[in-house]
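**Student:** Sharing a structure, written as structure tokens. Questions coming.
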Amino acid sequence: LARLEHPGLGTLPPDRFVPQIEAAGFAAQLAEEVVRRAFGEWRDDALQQLNLWLAVNLPLDVLMRPGATDRLEAWREQAGIDPGRVMVELTETYPVASPELLRPVLDRLRGAGYRLAIDDVGPAMSGHEAVIRLPFTTMKLGLEVVHASAHSEAALRFIERAMVAARRSGLMVIAEGIETADDWERMQRLGVDAAQGFLIARPLTAVAAAIWHAAWPRRGAA
């Protein structure tokens with residue numbers, strides 16, 4: 001997860017700086033720098049011994065750029081990370097206008113052993129069922145629909161339909177935006193496989209993530 005350390009404003013979340021970087025035409029440079037740093041921290045830290053995955057966000061236009069998969073493979077090999085430990089998340093910044101144009105890139109990544117996630121699935125995503133039929137391994141429910149499902153019957157029904165489509169395609173399902181115990185329990189009842197959100201952890205450095213990982217079982221037991 002990218003964060004910007006500003007000399008006057010402190011730590012800034014992505015919505016405070018990523019749109020400006022993308023508008024200036026530097027989306028690819030940002031995405032690739034984050035991937036390189038993430039791979040480097042995985043190599044240098046103890047994370048690879050903890051049976052975790054490393055998820056990296058790549059916007060559609062970045063993933064479709066010539067040579068993008070070659071660069072990804074080179075950085076991964078240099079870091080010594082097994083491709084099965086890497087999940088490439090297709091981010092929602094650029095919607096999938098023509099899913100079949102994306103298939104050759106996804107086929108190559110899947111053939112190399114990567115996990116692939118379609119990110120931020122929700123009612124606003126047009127044609128999500130066609131996207132789910134692409135060679136993804138994971139579907140991530142967006143935080144907006146996860147939060148809305150606490151009080152909206154329509155949001156709840158959307159998640160149930162999306163779950164059916166995901167199971168039909170053999171996808172793992174992750175719920176984003178889990179911030180309360182109610183969110184956790186509701187998604188658990190719906191049958192999601194994993195959760196992501198502030199209830200579990202805030203964004204952490206690689207060193208802090210290893211400490212969190214050691215403490216999480218005690219928190220769960222409590």
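**Student:** Please report, largest first and rounded to whole Å, the three semi-axes of the ellipsoid equivalent to segment 133-192, where each semi-axis is the square root of five times an eigenvalue of the C-alpha gyration tensor.
**Tutor:** 20, 12, 9
**Student:** By how many nm would the segment from Q49 to L199 grow when fully extended, if each residue of separation counts as 0.36 nm and the alpha-carbon distance is taken off?
**Tutor:** Full extension of this stretch gives 51.6 nm more.
**Student:** What is the distance in Å between the Cα centroid of segment 140-173 and that of segment 6-79?
**Tutor:** Answer, in whole Å: 27.
**Student:** Tally up the carbon and sulfur contribution to the accessible surface of the chain as a whole percent, 1.4 Å probe, everything protein left in place.
**Tutor:** Exposed carbon and sulfur together represent 55 percent of the surface.
**Student:** Suppose R0 equals 45 Å. What FRET efficiency, 1/(1 + (r/R0)^6) with r the Cβ-Cβ distance, do E129 and I211 give to the nearest 0.05?
**Tutor:** 0.65
**Student:** May I have the convex hull volume per residue, in Å³, for the Cα set of segment 53-118?
**Tutor:** 73
**Student:** Follow-up. Would you calculate, for the chain, the mean residue ellipticity at 222 nm contributed by helices, counting each DSSP H stretch of 4 or more residues as -39,500 (n - 2.57) and dividing by all residues, to the nearest 500?
**Tutor:** Taking each H run of at least 4 residues, the total per residue is -14500 deg cm²/dmol.
**Student:** Hey, another quick one. Can you work out the Karplus-derived ³J(HN,Hα) for every residue in segment 51-66? Use 6.51 cos²θ - 1.76 cosθ + 1.60 with θ = phi - 60°, whole Hz, and x for glycine or proline.
**Tutor:** 6, 9, 9, 10, 9, 10, 8, 10, x, 4, 5, 6, 5, 8, 5, x
**Student:** Quick one: 3J(HN,Hα) in Hz for segment 141-149, Karplus 6.51/-1.76/1.60 with θ = phi - 60°, rounded, Gly and Pro as x.
**Tutor:** Computed from phi, the couplings for segment 141-149 are 6, x, 5, 5, 6, 5, 5, 5, 5 Hz.
**Student:** Let me ask you something else. Work out from phi, with θ = phi - 60° and the Karplus expression 6.51 cos²θ - 1.76 cosθ + 1.60, the ³J(HN,Hα) of each residue of segment 5-18, listed in order in whole Hz, and give x for Gly and Pro.
**Tutor:** Once rounded to whole Hz, the list reads 8, 8, x, x, 9, x, 7, 9, x, x, 5, 8, 9, 5.
**Student:** Is there a quick way to get the dipole size of the chain? I mean about its Cα centre, with the Cβ of Lys and Arg at +1 and of Asp and Glu at -1; what is the value in debye to the nearest 20?
**Tutor:** Once rounded to the nearest 20, the dipole reads 480 debye.
**Student:** Taking 0.36 nm per residue of sequence separation and subtracting the Cα-Cα distance, how much length would be gained by fully extending the chain between S98 and A154, in nm to one decimal? Before the final figure, lay out the partial values.
**Tutor:** Working: separation 56, 0.36 × 56 = 20.16 nm, distance 2.65 nm.
That pair, S98 and A154, stretches by 17.5 nm at full extension.
**Student:** Given 20 °C and 1.002 mPa s, how large is the Stokes-Einstein diffusion coefficient of segment 1-120 in µm²/s, with Rh as the Kirkwood radius over Cα pairs?
**Tutor:** 141
**Student:** DSSP beta bridges in the chain, what fraction antiparallel, as a percent rounded to 5?
**Tutor:** In the chain, DSSP labels about 15 percent of beta bridges as antiparallel.
**Student:** Based on Cα positions only, what radius of gyration and what Dmax would you give for segment 165-222, in angstroms?
**Tutor:** Here Rg and the maximum Cα pair distance are 13.2, 38 Å.
**Student:** Taking N as the number of residues in segment 78-208, what is its alpha-carbon radius of gyration divided by 2.2 N^0.38 Å?
**Tutor:** 1.08
**Student:** Can you find, among V146, Q196, S169, the residue sitting farthest towards the positive end of the charge dipole of segment 144-197, where Lys and Arg contribute +1 and Asp and Glu -1 at Cβ?
**Tutor:** S169
**Student:** Amide H neighbours of E89 under 5 Å, counting only residues 5+ apart in sequence or on other chains, H built in-plane at 1.01 Å?
**Tutor:** Answer set, sorted by chain and number: V56, N57, L58, A117.
**Student:** Let me ask something else. Over the heavy atoms of V192, what accessible area does a 1.4 Å probe trace out, to the nearest 10 Å²?
**Tutor:** That residue has around 30 Å² of solvent-accessible surface.
**Student:** One-quarter of the Cα convex hull surface for the chain, in nm²?
**Tutor:** Values: hull surface 52.6 nm².
About 13.1 nm², averaged over all directions.
The values are calculated or read from the model by the stated rules, or taken from the named source; none is laboratory data. Small disclaimer: the values here were computed from a predicted structure and weren't measured. Counting neighbours? That spans all protein chains shown, and the Cβs are built from the backbone with ideal geometry, glycine included. The protein model used for the area step is the full one, side chains on, heavy atoms only, and it has no ligands, DNA or RNA in it. Shrake-Rupley method; radii C 1.70, N 1.55, O 1.52, S 1.80 Å.
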